[in-house]
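This report refers to the structure that appears directly beneath it.
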Amino acid sequence: MTCFSCFFGKGDSSVRRTVEIDEVLSALKNVKLYSYKDLRTATENFDPANKIGEGGFGSVYKAKLKDGTLAAIKVLSAESRQGVPEFLTEINVIANIEHENLVKLYGCCVEENHRILVYGYLENNSLAQAFIGRGHSSMQFAWHMRRRICLDVARGLAFLHEEVQPHIIHRDIKASNVLLDKDLRAKISDFGLAKLIPASMTHISTRVAGTAGYLAPEYAIRGQVTRKADIYSFGVLLLEIVSGRSNTNKRLPAKDQYLLERAWNLYEKGEIVELVDTVVNDDNDLMEACKFMKIALFCTQDMPKLRPAMSTVVEMLSGDKDVNDMMTISKPGLLSEFMGLKGNTKVSSYVLSADSGKTSSSGMEMDTSVATMTFNSIYDRSN
Ligand SMILES: Nc1ncnc2c1ncn2[C@@H]1O[C@H](COP(=O)(O)OP(=O)(O)O)[C@@H](O)[C@H]1O
Ligand SMILES: [Mg+2]
């Protein structure tokens with residue numbers, strides 16, 4: 001029998017738990033373990049010049065691994081520390097998921113107190129930096145590129161929802177979690193991370209102001225974690241990609257601040273074309289862009305069960321399934337409206353109470369999660 005602590009150093013009480021080596025090794029089928037020293041070298045001592053981002057889970061560095069491969073290294077913050085076996089079990093799940101539209105997890109470092117994830121590096125950064133909202137790069141994204149990005153993301157999400165067993169709910173679909181590779185193909189990042197962090201610091205309670213625009217009301221308010229909440233977020237992202245605007249813009253007049261609300265108002269007046277980014281001007285492209293907006297509205301309907309499954313969304317986006325004029329779309333779920341306020345301060349307290357499991361099961365709809373589901377669970381047991 002080999003002790004886990006011999007493997008990972010002596011500093012962390014959790015690693016002192018003795019675990020048989022066979023169990024450990026079998027859990028590491030596709031996970032490469034990196035030493036802290038190697039990652040320090042790869043990032044030039046975590047040089048701030050190599051830092052490419054800072055998210056809710058910690059800092060992200062660009063790194064060059066020993067074999068010359070470029071990687072993105074996510075150093076999880078202290079609060080997200082988990083015992084080694086639990087951490088590796090989750091990492092193993094993530095590392096086994098491979099799809100051309102999902103960012104590849106190469107491995108991790110679990111030495112002493114460090115919890116570091118090593119991902120494939122994507123050269124063209126995130127959608128948020130590429131073309132959505134203020135302060136984005138000057139790259140021009142023509143319609144055919146946007147169309148392809150929408151389909152890439154939809155396929156990646158359909159894979160997580162419908163092919164992976166047990167299926168995975170992303171819970172943080174947003175523009176900064178869609179990364180672009182050297183050929184500007186889109187890949188979804190950060191899937192499966194929800195299980196790595198304690199309930200007290202889920203992205204949703206700590207960063208609710210930044211992500212509120214993507215949150216399905218039933219998720220934000222009642223903590224109901226289902227695939228339908230991801231589909232809602234995808235709908236909001238679709239609107240962002242087609243319009244080139246961020247889901248929330250506080251500098252606009254109150255009625256226009258939320259992209260989804262604005263899209264719905266224009267759709268009802270038959271003027272949704274106004275929201276399409278001005279770089280799209282060919283008539284056929286404009287028609288298709290309007291169709292994509294309609295699909296987005298389909299995904300963001302208030303009633304979760306009316307939102308289509310991701311595989312259906314893929315069919316609609318690719319033209320394999322008709323999106324005809326007869327299709328009725330009901331009003332989107334608007335968090336701001338539900339809360340009766342435009343700011344988001346109240347949302348976090350609702351969300352925090354959902355986190356601590358205080359929400360009751362009363363009033364839950366049939367297609368939503370079981371009563372014991374909390375924000376820390378990523379598996380959708382609803383259907
Ligand atoms: N694999 C990667 N390749 C290139 N850049 C990445 C990668 N992963 C993350 N990044 C960059 O680091 C930033 C921070 O990432 P993250 O910690 O996940 O926070 P968030 O998703 O909230 O932006 C991202 O917005 C992106 O610009
Ligand atoms: Mg991210």
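The Cα trace of region 273-334 gives Rg and Dmax of 12.2, 35 Å, the first to one decimal, the second as a whole number.
Sequentially through region 230-236, phi angles give Karplus couplings (6.51, -1.76, 1.60; θ = phi - 60°) of 4, 5, 4, 4, 4, x, 5 Hz, Gly and Pro residues having no value and appearing as x.
Is region 220-328 best put as rounded, prolate or oblate by its Cα gyration tensor, with a ≥ b ≥ c the root eigenvalues, rounded for a/c under 1.5, and otherwise prolate when a/b is larger than b/c, oblate when not? It comes out oblate by the Cα gyration axes.
The peptide list 42-50, 155-163, 177-185, put in order of mean Cβ contacts within 10 Å with the highest first, becomes 155-163, 177-185, 42-50.
Between the beta carbons of Arg148 and Lys255, assuming R0 = 30 Å, the FRET efficiency works out to 0.40 to the nearest 0.05.
Distance between the pseudo-spin-label points of Ser77 and Val273 (7 Å out from Cα toward the beta carbon): 4.7 nm. Length gained on full extension, Lys66 to Leu334, computed as 0.36 nm times the residue gap minus the Cα-Cα distance: 91.7 nm. Ranking of Met145, Met287, Met316 by neighbouring Cβ atoms within 10 Å, starting from the fewest: Met287, Met145, Met316. Taking 0.36 nm per residue of sequence separation and removing the Cα-Cα distance, the Asp181/Asn324 pair yields an extension gain of 48.1 nm. The phi-based Karplus calculation (6.51 cos²θ - 1.76 cosθ + 1.60; θ = phi - 60°) puts the 3J(HN,Hα) values of region 263-272 at 4, 5, 4, 5, 4, 5, 8, x, 10, 4 Hz, whole numbers, x for Gly and Pro.
Packing order of peptides 232-239, 86-93, 168-175, highest average first: 232-239, 168-175, 86-93 (average count of other Cβ atoms within 10 Å over each peptide's residues). Listed peptides 112-125, 61-74 appear in the order 112-125, 61-74 once ranked by packing, highest mean of other Cβ atoms within 10 Å at the front. I want to verify the translational diffusion coefficient of region 77-127 in µm²/s; compute it with Stokes-Einstein, Rh as the Kirkwood radius over Cα pairs, at 10 °C and 1.306 mPa s. Once the numbers are plugged in, D ends up at 130 µm²/s. Here is the tail figure for region 237-286: Cα pairs spaced more than 17 Å apart come to 33 percent of all pairs.
Rule-based calculations on the coordinates, nothing more; no lab input. Values in this document were obtained by computation on a predicted structure and should not be read as measured data. Don't worry about glycine lacking a Cβ; one is built from the backbone with ideal geometry, like all the others, and counts go over all protein chains shown.
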